[in-house]
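Participant: Structure provided below as structure tokens; questions to follow.
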Amino acid sequence: MKMNELPKYFKEIDNELWFEEVEVEKKNLKITYKINKCFSYSKSQYQEVALIDSAAFGPCLVLDGVMQTTSADGFIYNEMITHIPVLTHKNPRKVLVIGGGDCGAVRELSKYEDLETIDMVELDEVVTEECIKFLPEISGGSDFDKRINFKFGDGVEYVKSTDIKYDIIMVDSPDPEGPAKDLFGEEFYKNVKKTLNSDGVMVCQSESPMIHRNIIENTRSILKKNFKIVKTYIAFVPTYPGGLWSFTMASDVYDPSNMDVSKLPFETRYLTKNIAKSCFDLPNFISDLK
Ligand code: SAM
């Protein structure tokens, strides 16, 4: 693509192409990646969608100038958002993923033979189409497990109106900006609770424990009003601001400290049985969060 067709977060520096992400919340941090190539750039109905080949992390998905997932480290996030709730629930059958347009989470879920239904409610079909084409390392390409159902639409509306009940709901959202803002709100989580079976488990990505402490506290406070058990866990995702990332899990019944790690029979690249247990063992500066 020509430079003049790209938005201003792509920059030419000494004849090299660079992508510059400005951290969304505080706007006081920039992360810059050297780009070998821009595979595609388009403006969908909802956002700017770019698929780029970065020199350090390989092919990546960028939405509205914010790195979402990379072929080099996306497995860490996808394994951690998927396997922890599945191992925690005793007998999950129906799973809903909200967001997750890169398809990394539904790919991980499809490894579990006992799951019957894997629904994915993603706002923007363009994200999924582009990731299938240019990010097969994460999306796995166009051949999907028959149990995966793509329901393109707004996840906020979906949990408000659906009559289906799920065992697990995973909120695989971007940062709380634009159409994703409501995925961090009180009404949304009330409806997530309503859409879960009484022993259901939900998980969301809850941002950086270093940079977005207010978002984690807000998410935990909303979840505590709706669920008896609320636990935050962490993983390292090098391309997210600060590197250290958090997820928050909630249930009325299942405590992750009782999770059955023997249910993890296949190979993973980040998660081990020990990490599944120890990811809830938080450094003091994180366990201090309300
Ligand atoms: N792993 C990534 C991260 O933490 O940055 C995010 C994964 S995925 C790309 C996030 C997806 O959520 C995007 O494709 C975006 O289109 C979708 N999304 C944003 N708002 C949404 C909404 N209200 N309902 C459903 N999907 C939404």
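Participant: Looking at (1) open to solvent by 40 Å² or more (accessible area, probe 1.4 Å); (2) more than 25 Å from Asp281 (Cβ to Cβ); (3) more than 10 Å from the ligand (Cβ to nearest atom), can you tell me which one Asn191 breaks?
Facilitator: Of (1) open to solvent by 40 Å² or more (accessible area, probe 1.4 Å); (2) more than 25 Å from Asp281 (Cβ to Cβ); (3) more than 10 Å from the ligand (Cβ to nearest atom), only one is false for Asn191: (1).
A quick yes/no check of all residues on (1) away from the ligand (no atom under 16 Å from the Cβ); (2) open to solvent by less than 20 Å² (accessible area, probe 1.4 Å); (3) over 25 Å from Ser208 (Cβ atoms); (4) of a type in the set (Asp, Glu):
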residue: Ile31; (1), (2), (3), (4): no, no, no, no
residue: Leu61; (1), (2), (3), (4): no, yes, no, no
residue: Thr70; (1), (2), (3), (4): no, yes, no, no
residue: Val86; (1), (2), (3), (4): yes, yes, no, no
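Every residue, every condition in (1) open to solvent by 50 Å² or more (accessible area, probe 1.4 Å); (2) among the β-branched types (Val, Ile, Thr); (3) modelled with pLDDT of 95 or more, yes or no:
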{"residue": "Gln205", "(1), (2), (3)": "no, no, yes"}
{"residue": "His212", "(1), (2), (3)": "no, no, no"}
{"residue": "Ile222", "(1), (2), (3)": "no, yes, yes"}
{"residue": "Ser257", "(1), (2), (3)": "yes, no, no"}
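Participant: Which members of the stretch 224-239 meet the condition of being open to solvent by less than 50 Å² (accessible area, probe 1.4 Å) and either under 16 Å from Ile168 (Cα atoms) or at pLDDT below 95 (or both)?
Facilitator: Asn226, Phe227, Ile229, Val230
Participant: For the stretch 19-27, indicate whether the set of residues that are within 13 Å of the ligand (Cβ to nearest atom), under 15 Å from Tyr240 (Cβ atoms), modelled with pLDDT of 90 or more and not in a loop (DSSP other than H, G, I, E, B) is non-empty.
Facilitator: Yes, that holds for at least one residue.
Participant: Can you find even one residue in the stretch 38-52 that is in contact with a Cys (Cβ under 7 Å, 6 or more places away or on another chain) and either within 15 Å of the ligand (Cβ to nearest atom) or within 17 Å of Gly178 (Cα to Cα) (or both)?
Facilitator: yes
Participant: Please go through the stretch 138-147 and pick out each residue that is surrounded by fewer than 18 Cβ atoms within 10 Å (Cβ to Cβ) and either at pLDDT 95 or above or within 14 Å of Tyr189 (Cα to Cα) (or both).
Facilitator: Those that are surrounded by fewer than 18 Cβ atoms within 10 Å (Cβ to Cβ) and either at pLDDT 95 or above or within 14 Å of Tyr189 (Cα to Cα) (or both): Asp145, Lys146, Arg147.
Participant: In addition: Restricting the stretch 163-180 to residues that are farther than 26 Å from Arg93 by Cα and of a type in the set (Gly, Ala, Ser), which is surrounded by the most Cβ atoms within 10 Å (Cβ to Cβ)?
Facilitator: Step by step, filter the stretch 163-180, then rank; the result is Ala180.
Participant: Let me ask another. Out of Ser54, Ser44, which single residue is surrounded by 16 or more Cβ atoms within 10 Å (Cβ to Cβ) and among the hydroxyl-bearing types (Ser, Thr, Tyr)?
Facilitator: Criteria check complete, one pass: Ser54.
Participant: Does Leu289 meet the test of being modelled with pLDDT under 95 and under 29 Å from Ile31 (Cβ atoms)?
Facilitator: Judged against the criteria, Leu289 is a match.
Participant: Which residue is nearest to Glu130 (Cα to Cα), if the candidates are limited to the stretch 1-29 and must be open to solvent by less than 70 Å² (accessible area, probe 1.4 Å) and touching a helix residue (DSSP H, G or I) at 6+ places or on another chain (Cβ under 8 Å)?
Facilitator: Phe10
Participant: Take the residues in the stretch 152-179 that are assigned to a helix (DSSP H, G or I) and in contact with a strand residue (DSSP E or B) (Cβ under 7 Å, 6 or more places away or on another chain), then tell me which one is farthest from the ligand (Cβ to nearest atom).
Facilitator: Looking at residues that are assigned to a helix (DSSP H, G or I) and in contact with a strand residue (DSSP E or B) (Cβ under 7 Å, 6 or more places away or on another chain), I get Tyr158.
Participant: Does the stretch 93-124 hold any residues that are open to solvent by less than 10 Å² (accessible area, probe 1.4 Å) and more than 10 Å from the ligand (Cβ to nearest atom), and which are they?
Facilitator: Hits for the stretch 93-124 are Val95, Leu96, Val106, Leu109, Leu115, Ile118, Asp119.
Participant: Give, as residue ranges, the strands (runs of 3 or more DSSP E) completely inside the stretch 33-106 that count at least 3 residues that are among the charged types (D, E, K, R).
Facilitator: Strands (runs of 3 or more DSSP E) meeting the threshold: none at all.
Participant: Moving to a separate point now. Pull out all pairs, ordered by first then second residue, where Cβ-Cβ is under 9 Å, the residues are six or more apart or on different chains, the first lies in the stretch 224-249 and is assigned by TED's automatic domain parsing to the domain that holds Ser54, and the second is open to solvent by less than 10 Å² (accessible area, probe 1.4 Å) and at pLDDT 95 or above.
Facilitator: Close Cβ pairs satisfying both conditions: none exist.
The values are calculated or read from the model by the stated rules, or taken from the named source; none is laboratory data. Predicted, not measured: the structure shown is a model, and the values here were computed from it. Here Cβ is always computed from backbone atoms with ideal geometry, including for glycine, and neighbour counts include all displayed protein chains. All accessible areas refer to the heavy atoms of the entire protein, side chains included, with ligands and DNA or RNA removed. Shrake-Rupley method; radii C 1.70, N 1.55, O 1.52, S 1.80 Å.
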